[in-house]
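Chemist: Take a look at this one; I'll ask things after.
The values are calculated or read from the model by the stated rules, or taken from the named source; none is laboratory data. Keep in mind that this is a model prediction, so the values were computed, not measured. In this analysis, Cβ positions are derived from the backbone assuming ideal geometry, glycine residues included, and neighbour counts consider all displayed protein chains. Surface areas here come from the heavy atoms of the whole protein model, side chains and all, with no ligands, DNA or RNA. Shrake-Rupley method; radii C 1.70, N 1.55, O 1.52, S 1.80 Å.
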Amino acid sequence: LKPFRLFAAADVGRRPGGEASDTDMGRAEDAEELQPLTSPGFYDEEDLEGVGSEFREQRALRWRHGGTHPMQIVVKVVMVLAGTVGSVVALCNSPIVRAIWSHGRLDQVQVLSSANYTAENWGADCYEACGGPGLCPEICGRGNACCRFGATKDPLECSGILAWGSLSYHTCVVPTNPLYAIARDAPEGVANWGADCLQACGNASGYCPTFCGQGNVCCRWNAPNDAPECAGIVHWGEKDRHTCVAVALPMYRVEPTPPDGVAVAHWGEPCYAACENRSGFCDAFCGSGNVCCRWGAALQPPECLGILRWGLKNTHTCVATADTPFELSAAPLGVKNWGDACLEACGGPGFCQEHCGMGNACCRFEAAGDPPECAGITAWGAKDRYTCVQPSNPAFVTASSPEGRNVAHWGEDCLPSCNRSGFCREFCGLGNACCKFGEALDPLECQGIVQWGSKDRYTCVAPVSKAFELAPVPFGATVEHWAEDCWAACGETGGACAHFCGAGNACCRFGSTLDPPECRGILDWGSKEQHTCVQPTAPYLYVNHFAADCFSQCNGAGFCDSWCGAGNACCKFGDEEGPRECRTVVFWPRRDTHTCVKATSHIGVPVAPAPDSCRPGEDRDAERNCVQVSAPALLTFYVYQAATDDYPTLQNVNVFNLEGALMYLHRRVVTSCPRVGSTTRLIRYVVSVRNTDELFDATKHQFAPYTMFNQGMCANSSIGCFDAYEQYGYVVGCQRASTEDPAYGNYENAIFYSLPGGGDGERGECLTPSGTKTCTWSAEYAGEVRLDEMSGIAGQPSFCEDGHVEYNSTLDRGNGTRFWESRRSATACHKRARYVRELFSNRYPYYPTDLGEPRCSH
């Protein structure tokens, strides 16, 4: 609730601007003239606080002791009713209730549930308000954009987005491409972070200490004509305007203080006018022995040469002299032809690595017309001629090849071999580019580079932006032809390409807006300059022949592994007579014809058990009592897994029933912000288990003892789990969790399960569990719920930045959410489990809420 503001009577009926207006309470001039609370008569805060305290005490006293007055009773009733109505309105406008009101229309449920609530005007049409697609902070919030799902002509910031508030028109979204991310917090010392600075800085880019803070600059992201001090900047508060930022390149940075042990007066202030409009020594204004100089300016007196520490770099300022001796020096390492004449051999002053060595230049002491790489040099082999020297200005110093980046042909001219600037893997090596120092028109992969082997030509470099990093191998996956060009081999089209890239993989191009959904959200790339083989990160959207008509190819509706891909089906949206596997589809590429979709299960949607049925694995005896069957039974039930946004594995893992999952999250995950292990979602699976005859004959139970796994390895090795697997097969284990430990939540009936998978080609998982030693269980994806939605928060990054945490185990409550409070209350834990079941039921209405819980005994 926003705090109420109190007005004196004289303010009644006035607009915020102060102009009087007619209101239902009368005209302003008719209002009683009362003394404003802040008028003379209350000269300090104590007087004001005293009057306020007395007023509140008297009001509270009248409220408590005058409650029998009829008017007060009416007022109280009205206040209670108003609060109730407000709560009902808030509930009815919540995403969950709105999804329920959609009567099971999955498209509406998907749109509502995908909102991450970090973009303003979520779900609203933003096209006209934003003047077209692209970044639109005024309407959509800082760093956000106005985009349309599937619009191929939208700008690059609209690519790769998975969360949409509407699929039908341009709407506010949060860009996922790290190239367009902005920093919420300003670097230390930067003023007016995120604000438009161009007008305040005299309609010019570059240094702007008066508006942006000392040493900071007014720049625009990716603006080629901005001042040179705008180069290389990575952290931006906005990317659609000129805004205040911190200088990135060392050569343009300024220092807050003079050199250690040196006293310089008026450090960081302009000095030219105070020093009689000239450069050089200026004891009167800058202090004894100090000088008024301008960084990078030619035709300055010798005392201004060689200075490295500056308080300003866009005007004359007070600095300490470098005190550079004028004698000749020994040759620095790597400089050729030291002390010899070089002008004829180099064809002029400036960089001359062929004659002087890599990164070195041909310059003359105090020659005013030499190029900038000759400025500030202190070590000379001769001072009466042009000679080879080593640049000392950080802006022109070259470096050795970056460690671990394998840049080929370092320091050599790359343009003849690459024929263009930008990525050039053939000559420069995988992931490297051909760029030129200071060239503003080079592509984005050339921006922000600090280490150069040569600065007078196009040369091979390693891109520094995280957006252009490459992975030498795919993380946790097998992708064939990694980093190779797959365009021709995959039929000159993006998307699924199992025959060239490997099963389940796709041919995609970094930044492409035309590739199908399986190419979105990919983080690991072997190449970013061409279509290349990758592993999709959203397999639940992944199908072959995306958006194509599949009816004739699949001979009708239903599962169609041969055309649509393994586990996928040919279905039509809204076809109530279609097969069961088509009734739980979440994502539809198109809705006007049969098309390939991700089917949820090979066996279709599970059937809800009858209200009076026994547990899985039990049957009724002659007296109608539920008893365990006398042989290994096929058990079908739900299990849950806490997971990150990466595609999870189910081989040698521990999963839980819902109460067990909440117990695990309560104890291990939500106690820090960000969450432990970057956990973002709770995945539900339909699991079918049939353990082996060998296990049942030995134990007379349906489950084996529970095995704890850690990163796919058996953690409780004292049990000898792999010896047991050899004897009984890869059997599924279970364990009832104790609720007596006060450190854990009081979740009754919490159960942990172990799903084993063997090595050397042996596994417990199979398509239809038969009870053989290598075929004991199967699992089918059955939906997921985001932890943000469970906790009722808008998003983890902003939630953490505001100092919140979902659960503090010491205080037994959260900060910013109440979902996890009271872990030892069985009632509170039961309500949490019921609420999460309702979330799954609302999002996946075709699935039964519960399949029953098998008895955990072993």
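Chemist: Using a 1.4 angstrom probe, figure out how much accessible area segment 383-530 has per residue, in square angstrom, rounded to the nearest whole.
Modeler: 45
Chemist: Further question on the same structure: Tell me, in nm to one decimal, what length is gained between Gln651 and Glu480 on full extension, where the rule is 0.36 nm per residue of separation less the Cα-Cα distance?
Modeler: Separation in residues times 0.36 nm, less the Cα-Cα distance, equals 59.3 nm.
Chemist: Please work out how much length the chain gains when fully extended from Ala488 to Glu853, using 0.36 nm per residue of separation minus the C-alpha to C-alpha distance, in nm with one decimal.
Modeler: Full extension of this stretch gives 126.2 nm more.
Chemist: Ignoring any ligand, DNA or RNA, what whole percent of the accessible area of segment 607-675 comes from carbon and sulfur when the probe is 1.4 angstrom?
Modeler: Here carbon and sulfur together make up 48 percent of the probe-accessible area.
Chemist: Nearest 0.05, what FRET efficiency do Asp260 and Asp283 give at R0 = 22 Å with Cβ-Cβ as r?
Modeler: Computed FRET efficiency for Asp260 and Asp283 comes out at 0.55.
Chemist: Separate question: Quick one: putting +1 on the C-beta of Lys and Arg, -1 on the C-beta of Asp and Glu, what dipole do you get for segment 603-692 around its Cα centre, in Debye to the nearest 20?
Modeler: With only Lys, Arg, Asp and Glu charged at Cβ, the dipole is about 320 debye.
Chemist: Something else about it: Which order do the peptides 550-556, 667-673 take when ranked by the mean count of other beta-carbon atoms within 10 Å per residue, highest first?
Modeler: Final packing ranking: 667-673, 550-556.
Chemist: Long-range amide H contacts for Arg681: which residues qualify at under 5 Å (H placed 1.01 Å from N, peptide plane, sequence gap of 5 or more or a different chain)?
Modeler: Those qualifying (amide H under 5 Å, at least 5 residues apart or on another chain) are Ala643, Leu787.
Chemist: Now a separate question. Once you have the Cα-Cα distance between Ser613 and Asp693, take 0.36 nm times their residue separation minus that, and quote the gain in nm to one decimal. Before the final figure, lay out the partial values.
Modeler: Working: separation 80, 0.36 × 80 = 28.80 nm, distance 2.49 nm.
Full-extension gain reported as 26.3 nm.
Chemist: Under a crude label model (7 Å from the Cα following the beta-carbon direction), how far is Ala273 from Thr176 in nanometres?
Modeler: About 5.5 nm separates the two model spin labels.
Chemist: Distance check, please: which entries in Lys436/Lys528; Lys700/Lys773; Lys153/Lys572; Lys153/Lys528; Lys572/Lys598; Lys153/Lys598 exceed 23 angstrom between their Cα atoms?
Modeler: Check vs 23 Å cut-off fails for Lys153/Lys572; Lys153/Lys598.
Chemist: Ranked highest first by average number of other Cβ atoms within 10 Å, how do 527-534, 410-417, 820-827 line up?
Modeler: Packing order, densest peptide first, comes out as 527-534, 410-417, 820-827.
Chemist: From the backbone phi of segment 454-459, what are the Karplus-calculated ³J(HN,Hα) couplings (6.51 cos²θ - 1.76 cosθ + 1.60, θ = phi - 60°) in whole Hz, Gly and Pro given as x?
Modeler: Values per residue, Gly and Pro as x: 7, 10, 10, 7, 6, 9 Hz.
Chemist: When the accessible area of segment 252-345 is computed with all protein chains present and a 1.4 Å probe, what percentage of it is carbon and sulfur?
Modeler: The C+S portion of the solvent-accessible surface of segment 252-345 is 53 percent.
Chemist: Still on this structure, please answer the following. Can you list the GluC sites (Glu not before Pro) in segment 285-357 that are in a DSSP coil and have 10 or fewer other beta carbons within 10 angstrom?
Modeler: Filter output for segment 285-357: Glu327.
Chemist: Over segment 726-858, give the accessible area per residue in Å² for a 1.4 Å probe, as an integer.
Modeler: In whole numbers, segment 726-858 has 47 Å² accessible per residue.
Chemist: Round to a whole number: what % of the accessible area of segment 749-801 belongs to carbon and sulfur, probe 1.4 Å? Walk me through the intermediate numbers first.
Modeler: On the way: 1040 of 2020 Å².
The C+S portion of the solvent-accessible surface of segment 749-801 is 52 percent.
Chemist: Can you give me the long-range amide H partners of Gly339? Hydrogens built in the peptide plane at 1.01 Å from N, cutoff under 5 Å, separation of 5 or more residues or another chain.
Modeler: Gly381, Ala382, Cys388
Chemist: What does the net charge come to around Pro616 if you take all other residues with beta carbon closer than 12 Å to its beta carbon, with K and R at +1 and D and E at -1?
Modeler: With Lys, Arg at +1 and Asp, Glu at -1, the neighbours total -1.
Chemist: Tally Lys and Arg at +1 and Asp and Glu at -1 over the other residues with C-beta under 9 Å from the C-beta of Asn568: what net charge comes out?
Modeler: 0
Chemist: Also, quick follow-up: Taking only protein heavy atoms into account and a 1.4 Å probe, give the accessible area per residue of segment 551-674 in Å².
Modeler: Counting only protein heavy atoms, the per-residue value for segment 551-674 is 49 Å².
Chemist: Still on this model: Determine the sum of side-chain charges near Phe799: Lys and Arg each +1, Asp and Glu each -1, restricted to other residues whose C-beta is under 14 angstrom from that of Phe799.
Modeler: -1
Chemist: Give the long-range amide H neighbours of Trp310: residues separated by 5 or more places, or on another chain, with amide H under 5 Å away, using H modelled in the peptide plane at 1.01 Å from N.
Modeler: So Trp310 has HN proximity to Glu255.
Chemist: So, one more: Applying the Karplus parametrisation 6.51 cos²θ - 1.76 cosθ + 1.60 with θ = phi - 60° to the phi angles of segment 425-441, what ³J(HN,Hα) value in whole Hz is obtained for each residue in order, glycine and proline being reported as x?
Modeler: 5, 5, 9, 9, x, 4, x, 9, 9, 9, 9, 10, 4, x, 7, 6, 8
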